[in-house]
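One structure below.
The values are calculated or read from the model by the stated rules, or taken from the named source; none is laboratory data. Predicted model only: the values in this text are computed from it and were never measured. A quick note on method: Cβ atoms are made from the backbone with ideal geometry, for glycine too, and the neighbour counts reach across all protein chains shown.
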Amino acid sequence: MNKHHAGILLCSIIIVLSLLPLASAQPILTQLVNNGPTSNRINILVLSEGYTIGQQATFESDALDMVNYLLSSPPFSEYENYYNAFSLYVTSTHPGSDHPSSSIFRDTYFNSTYDSYGITRLITIPPNNFNSNYADGYGKVVDLMSTYLPETDIILMIVNDTQYGGSGGFLAISSINSAAPEIVAHEIGHSFGDLNDEYEDITPGYSGSESPNTTAQTDPKLVKWTDWIVEDTPVPTPEIAAWANRVGLFEGACYEPTGWYRPMLNCKMRSLGPAYCEVCKQQFVLTQYQLVSPVDEYSPVTPTISLDYEESRMLDVVAMTPATHEIAFQWYLDNIPIEGAVGSTFNATGATVGLGTHEVKVLVRDITDFVRNDPFGLLNEVLTWTIDVTTDYICGDVNNDGVVDILDITYMVNFKFKGGPPPAILLSGDADGNGVVNVLDIIYLITFKFKSGPAPEC
């Protein structure tokens, strides 16, 4: 083969290769927000769709914008420290998504498409009405999540297409249109909060159902969000401006114009744009505490502690940090609240706990205003230690010199009447065993030493 023919062949190979689809790069997991261990954080995973090779930085910027949008509104903004966020960059051959009604088809990793089920702005991935193969869409999502972040609690997908659109369910999908994140914020209500839609448009195949934010109950005392209804609010509540900012019982919810009720006149679960109502915010906080504990760390981690009567051990709890309020603590000794012990640490001394086996516990509680009804105690965490207190001492040997003699009587007299130091081990001064160190113990020791009385029994 001469050089001319070889050059033509090489040029032809280059042209052919340039026409072939670009090979998909290895998925890349990047942590966007790090607020603590994945084991005690709510972990958001954002997947890329319609982003091509070389667009990793663009995707990660879009993903961070989406996460920040979600965490910018209450109650998420109050609990931002409870969340981690990760992006998983997978490449597509073409940018964007399919638009079948415009005869636009693109080769993307998850095979996303607009125009799903006849709705222009509804973006879905298979299985859908265009492709019934689970493995072409959701199967890939589940495989990636299981491989790269099995601790995922919230999963999102950003489609690199500027046309408004999205969808929800197990996976919340949004385009990069500036208004589309509101779709995700709404859909998170379903997938994360188990909330129902509050709009009343009749939708074939859908009907009313009980949920944290929808009900058919009209008895004010039995309405599940009754703790949020002010006493003078009429129930059911008229749909007029006078009650627009109150929690009540507004008719029309979960695709039913009558017979089903929602908590407020408007809410993000009814229409895009408004904030979540108080009942929905409460549900999000309760859901958070189904997944995480208000306690991040504690020590000692062993449940049983052995102490000498003169020893002490610091018990320490590190709690989560909401944005504008504190986590509350109360320590207990044998189920009795310890007065003043309301901090994150407690110095357990043998003398304070007392001889024998005792239980020391701490109740850690989020006292947030977002929640008025926590029937299962989700906002509470209880940590318990069993403390065994022992000591080696001679009853009546208050000066701790190894014998019970007149010097101990002198020591007790100085302690009780002349401001002298207390017994080295206070219990050793309880000669009569009545639980109190007083003048009766002095008399008891005198009787023992000089009148053949009974030996001290502390």
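Residues that are within 13 Å of L47 (Cα to Cα), in contact (Cβ under 8 Å) with a residue 24 or more places away in the chain, among the hydrophobic types (A, V, I, L, M, F, W, C) and not in a loop (DSSP other than H, G, I, E, B) occur in the range 142-153; there is at least one.
Under the condition of being loosely packed, with under 14 Cβ neighbours inside 10 Å and either touching a Phe, Trp or Tyr at 6+ places or on another chain (Cβ under 7 Å) or modelled with pLDDT of 95 or more (or both), the residues counted in the range 168-193 number 1.
Residues that are surrounded by fewer than 14 Cβ atoms within 10 Å (Cβ to Cβ) and within 20 Å of L355 (Cβ to Cβ) were ranked within the range 379-399; the one that is modelled with the highest pLDDT is T384. Only one of the numbered conditions (1) touching a Ser or Thr at 6+ places or on another chain (Cβ under 9 Å); (2) not in a strand (DSSP E or B) is violated by L88, and that is (2). In the list L272, L333, which residue meets the criterion of being surrounded by fewer than 14 Cβ atoms within 10 Å (Cβ to Cβ), aliphatic (A, V, I, L, M) and touching a helix residue (DSSP H, G or I) at 6+ places or on another chain (Cβ under 8 Å)? Unique residue meeting the criteria: L272.
Considering only residues in the range 418-458 that are assigned to a loop (DSSP other than H, G, I, E, B) and among the basic types (K, R), the one that is farthest from E311 (Cα to Cα) turns out to be K451.
Answer with yes or no whether V389 is of a type in the set (A, V, I, L, M, F, W, C), touching a helix residue (DSSP H, G or I) at 6+ places or on another chain (Cβ under 6 Å) and assigned to a loop (DSSP other than H, G, I, E, B). No; evaluated as a whole, the condition is false for this residue. Check V404 against each of (1) at pLDDT 95 or above; (2) part of a loop (DSSP other than H, G, I, E, B) and name the one condition it does not meet. That leaves (1) as the condition not met.
With the requirement that a residue be more than 17 Å from the chain's Cα centre (by Cα), assigned to a loop (DSSP other than H, G, I, E, B) and among the polar types (S, T, N, Q), what does the range 291-305 give you? Of everything in the range 291-305, just one residue is more than 17 Å from the chain's Cα centre (by Cα), assigned to a loop (DSSP other than H, G, I, E, B) and among the polar types (S, T, N, Q), namely T302.
Table: residues versus (1) closer than 23 Å to V318 by Cα; (2) touching a residue at least 40 places away in the same chain (Cβ under 8 Å).
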| position | (1), (2) |
| --- | --- |
| A351 | no, yes |
| I367 | yes, yes |
| G377 | yes, no |
| L383 | yes, yes |
| N400 | no, no |
| Y411 | no, no |
| F417 | no, no |
| I442 | no, no |
| K449 | no, yes |
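Considering only residues in the range 275-303 that are charged (D, E, K, R) and either free of Cβ contacts under 8 Å to residues at least 12 places away in the same chain or more than 15 Å from S211 (Cα to Cα) (or both), the one that is surrounded by the most Cβ atoms within 10 Å (Cβ to Cβ) turns out to be D296.
Just the residues that are among the aliphatic types (A, V, I, L, M) and at pLDDT 90 or above, please, taken from the range 413-435.
Within the range 413-435, V413, A431 meet the criteria.
Looking at the range 113-167, which of its residues are within 32 Å of the chain's Cα centre (by Cα) and surrounded by fewer than 17 Cβ atoms within 10 Å (Cβ to Cβ)? Matches in the range 113-167: P127, Y134, A135, G139, V142, D143, S146, T147, Y148, P150, E151.
A quick yes/no check of all residues on (1) at pLDDT 95 or above; (2) assigned to a strand (DSSP E or B):
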residue: F284; (1), (2): yes, no
residue: Y289; (1), (2): yes, no
residue: L307; (1), (2): no, yes
residue: M314; (1), (2): yes, yes
residue: V318; (1), (2): yes, yes
residue: T321; (1), (2): no, no
residue: T324; (1), (2): yes, no
residue: N347; (1), (2): yes, yes
residue: A351; (1), (2): no, no
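Pairs are defined by a Cβ separation below 7 Å, a sequence spacing of at least 6 or placement on different chains, a first member in the range 304-320 that is touching a residue at least 24 places away in the same chain (Cβ under 8 Å), and a second member that is among the basic types (K, R) and part of a strand (DSSP E or B); the pairs so defined are I305/R313; L307/R313.
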